[in-house]
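This report refers to the structure that appears directly beneath it.
The values are calculated or read from the model by the stated rules, or taken from the named source; none is laboratory data. Everything quoted here is computed from the prediction, not taken from an experiment. Surface areas here come from the heavy atoms of the whole protein model, side chains and all, with no ligands, DNA or RNA. Shrake-Rupley method; radii C 1.70, N 1.55, O 1.52, S 1.80 Å.
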Amino acid sequence: MAKSRHILFQRMEFDYDKSAFDGFLDVLDAPWTSFSAVVQHISIKRFFRGASKLENRFAYVPRSAASIRRITQNLPNLERLWVVRSSWGDFPPHILDLLFHLPVSDLQIEECSIQHISELQELFIRMPPSIRTISMYNMRESYSLRRDGYVTQDVIPFPDRNIHFETIDSVSAYFVMQLWSDLLGKGWKRSISVDTFHLRMYTSTDVSHSDIATCSRFLQIVGPSIRRLCIRLSEGSSWDRDFFTSGVDMSPCVNVSFIDIDKIQLDAGEMADICSRPNVEHLLSSVPPNQVEEMLVTFYFADYFNRIPLDDQIPYLRAFGWKTFICHLRCRFKNLRRLRIRLSGGLVKNEHGLADICLYVNVLREISELDQLERSAFLSFEGVPPTSSYLRYRDTMGGILERASRLIFLTLRQPG
């Protein structure tokens with residue numbers, strides 16, 4: 001048992017289980033524990049949603065300052081706190097006190113809703129000094145925030161510290177800009193940086209030119225720090241055409257070395273005009289080309305084509321202008337050294353989805369130029385089985401940050 005502790009307790013996940021989380025805190029609220037020193041990652045999912053603030057306040061045993069100090073001391077190697085699908089404003093004060101005292105270096109917040117912009121202010125002001133990186137993905141506004149707006153009575157101070165986002169998407173960045181837009185535009189550029197930026201199409205009917213302009217202003221501030229740029233076309237809707245016609249200005253992203261495009265649709269369908277090659281090329285036209293060395297481009301067949309015989313999908317695969325598209329990328333990004341083409345969607349004939357993906361790739365290899373590029377190691381093919389669990393997981397921050405360990409991507413050319 002002692003030898004397996006680092007495997008059993010390294011990652012602790014609590015998913016909508018109040019009693020388990022409270023029991024975990026009870027165990028930690030002791031002078032000594034036998035396992036807590038190996039805990040490195042705590043995940044809290046779907047907490048404080050739907051219950052009233054009064055219910056949440058008494059849902060957990062209140063912890064004294066001495067208890068909070070003891071709990072944090074029993075987690076000396078905790079590195080990451082991941083809060084998912086929770087309502088930030090409904091956290092009981094004593095739980096927030098505990099979270100803000102945890103000695104984590106990496107804070108990840110995904111799909112959490114905020115009811116007032118001051119909640120975001122509190123998050124940044126109260127962050128423990130141990131935090132070195134933050135990830136924010138798909139932050140959501142509550143109805144009350146949409147109703148009351150983002151206007152605050154007082155000037156919100158910028159934290160007296162540098163803030164580094166390991167990952168942030170354009171929707172979450174919108175909230176950050178609402179919080180500090182005035183200050184960030186007056187000399188605060190050195191205080192905020194981003195490693196990976198996800199450009200997502202707004203899925204709200206309220207999308208406007210001002211939202212796109214806000215995203216462009218955010219990139220004006222953090223653009224030079226961005227190393228990885230991810231363009232998420234697959235989340236769009238029919239009202240997102242302003243996203244392309246207005247365009248987000250990515251010219252400040254002068255140090256981007258990796259671009260991930262998800263996804264280009266190969267067949268016909270409602271999203272074919274959104275997830276199209278011309279739109280991708282238009283978006284990429286504002287990305288500074290000199291530092292880009294690697295690209296990952298995902299292609300897919302629309303879900304409603306999944307039951308169509310494979311022979312009816314092949315013409316769409318062949319009709320796509322592969323040579324033109326790759327030539328455009330190589331001409332645009334002169335220092336591009338590797339292009340990864342990922343295929344997903346289509347029929348699944350076995351539990352791994354291997355049959356169709358291999359057939360798709362074999363069709364592409366019939367194009368001599370693509371076959372030569374693959375043999376030269378410039379081009380590679382990958383496949384993602386479109387299982388139901390993957391479709392639920394693919395666009396979460398957990399899926400993005402931990403894809404390599406959670407999914408098996410298949411390199412489909414055998415050695416030799």
* Asked: Roughly how many whole Å is it from the C-alpha centroid of region 58-108 to that of region 17-39?
  -> 12
* Asked: Hey, if we sort TYR316, TYR300, TYR16 by accessible area with the 1.4 Å probe, largest down, what's the order?
  -> TYR16, TYR316, TYR300
* Asked: PHE165's amide H: which non-local residues (gap 5+, or another chain) put their own amide H closer than 5 Å, with H modeled 1.01 Å from N in plane and none for Pro or chain starts?
  -> ILE134, SER193, VAL194, ASP195
* Where the accessible area of region 8-49 is counted over protein heavy atoms with a 1.4 Å probe, how much of it, in %, is carbon and sulfur? -> 54
